[in-house]
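Report on one structure; see the data block that follows.
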Amino acid sequence: MSKKNISLPLLPLRDVVVYPNMVVPLFVGRELSIKSLEKSMNDYDKNIVLVTQKSAEIDTPNKSDLYKIGTVANILQLLKLPDGTMKVLVEGSSRVEIKDVNDENGLSCTFNYVSQNDDFTSTQYDALFRTLEDTFSQYVKLNKKVPPEVISSITGIDDLSKLADSIAAHMTFKLDEKQKVLELFEIKSRCEFLIKSMEGELDILHVEKKIRSRVKSQMEKSQ
């Protein structure tokens with residue numbers, strides 16, 4: 001770990017997890033969140049910490065309502081909408097561990113940057129890279145919920161950590177699974193978790209495909 005106990009405004013997120021290198025539009029309406037955005041724009045060079053809430057129901061979250069791991073992000077664009085809400089475009093940069101949360105004049109937090117563990121050989125790196133890409137291609141081809149053009153968005157990524165996060169962002173995970181990916185600092189573990197999750201989903205999708213084709217052929221016979 002490096003750069004300990006830095007302070008920045010904090011933006012609590014409902015039902016979304018933002019990973020490093022992701023560019024995401026967010027709609028912000030809560031007064032405390034708008035104050036955090038304004039503080040970030042005016043005093044912190046557009047830097048802000050994004051942390052997901054454990055429950056979307058809570059309007060004024062405190063430290064115990066938030067996950068411990070979040071993402072430092074940069075505000076690329078901020079737009080005030082006629083109804084008083086804000087549309088903000090953010091780009092994640094690094095995983096961070098939240099140490100303390102302060103709610104005076106909008107939310108802010110102190111945090112540490114977390115280092116990524118990548119203790120493996122170049123052969124292991126290449127093998128993980130290829131397996132991750134190939135498994136994701138199969139996953140997208142079979143999963144109708146993921147648009148096919150997503151594959152072209154990950155081609156050209158040459159960093160394994162960034163590839164894993166980009167793939168996680170496009171997967172149809174539940175919120176706690178998305179958060180788990182954010183909390184896997186060891187790149188190898190993160191890749192293995194994603195590959196295992198996709199392979200499990202592929203098994204289900206293959207069975208569904210077989211069932212559909214069997215039902216279709218039975219209907220054609222009866223007609």
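The values are calculated or read from the model by the stated rules, or taken from the named source; none is laboratory data. What you see is a predicted model, and the numbers here were worked out from it, not measured in a lab. Note that we place each Cβ from the backbone using ideal geometry, even for glycine, and neighbour counts take in every protein chain shown. Areas reflect the complete protein model, heavy atoms only, side chains present, ligands, DNA and RNA absent. Shrake-Rupley method; radii C 1.70, N 1.55, O 1.52, S 1.80 Å.
Structure above, values below:
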{"item": "Given (1) within 16 Å of Phe111 (Cβ to Cβ); (2) charged (D, E, K, R); (3) modelled with pLDDT of 95 or more, index of the condition Lys46 fails", "result": "(1)"}
{"item": "Enumeration of residues in segment 108-136 that are among the β-branched types (Val, Ile, Thr), outside any helix (DSSP H, G or I) and either free of Cβ contacts under 8 Å to residues at least 12 places away in the same chain or open to solvent by 80 Å² or more (accessible area, probe 1.4 Å) (or both)", "result": "Thr121"}
{"item": "Number of positions in segment 162-180 that are more than 18 Å from Leu202 (Cβ to Cβ) and touching a residue at least 60 places away in the same chain (Cβ under 8 Å)", "result": "7"}
{"item": "Given (1) free of Cβ contacts under 8 Å to residues at least 60 places away in the same chain; (2) surrounded by 16 or more Cβ atoms within 10 Å (Cβ to Cβ); (3) assigned to a helix (DSSP H, G or I), number of the condition Tyr139 does not satisfy", "result": "(1)"}
{"item": "Those residues of segment 34-71 which are part of a helix (DSSP H, G or I), of a type outside the set (Ser, Thr, Tyr) and within 20 Å of Lys178 (Cα to Cα), in sequence order", "result": "Lys63, Asp65"}
{"item": "So Leu78, is it farther than 28 Å from Arg190 by Cβ, modelled with pLDDT of 95 or more and aliphatic (A, V, I, L, M)", "result": "yes"}
{"item": "Any hit, segment 164-173, residues being surrounded by 17 or more Cβ atoms within 10 Å (Cβ to Cβ) and touching a Lys or Arg at 6+ places or on another chain (Cβ under 6 Å)", "result": "yes"}
{"item": "Residue ID - most open to solvent (accessible area, probe 1.4 Å), chosen from residues in segment 142-163 that are in contact with a Leu (Cβ under 9 Å, 6 or more places away or on another chain) and under 21 Å from Ser94 (Cα atoms)", "result": "Ile157"}
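For (1) free of Cβ contacts under 8 Å to residues at least 24 places away in the same chain; (2) buried (at least 21 other Cβ atoms within 10 Å of the Cβ); (3) not aromatic (Phe, Trp, Tyr), each residue gets a yes or a no:
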{"site": "Glu31", "(1), (2), (3)": "yes, no, yes"}
{"site": "Glu38", "(1), (2), (3)": "no, no, yes"}
{"site": "Asn42", "(1), (2), (3)": "yes, no, yes"}
{"site": "Thr52", "(1), (2), (3)": "no, yes, yes"}
{"site": "Ser55", "(1), (2), (3)": "yes, no, yes"}
{"site": "Leu66", "(1), (2), (3)": "no, yes, yes"}
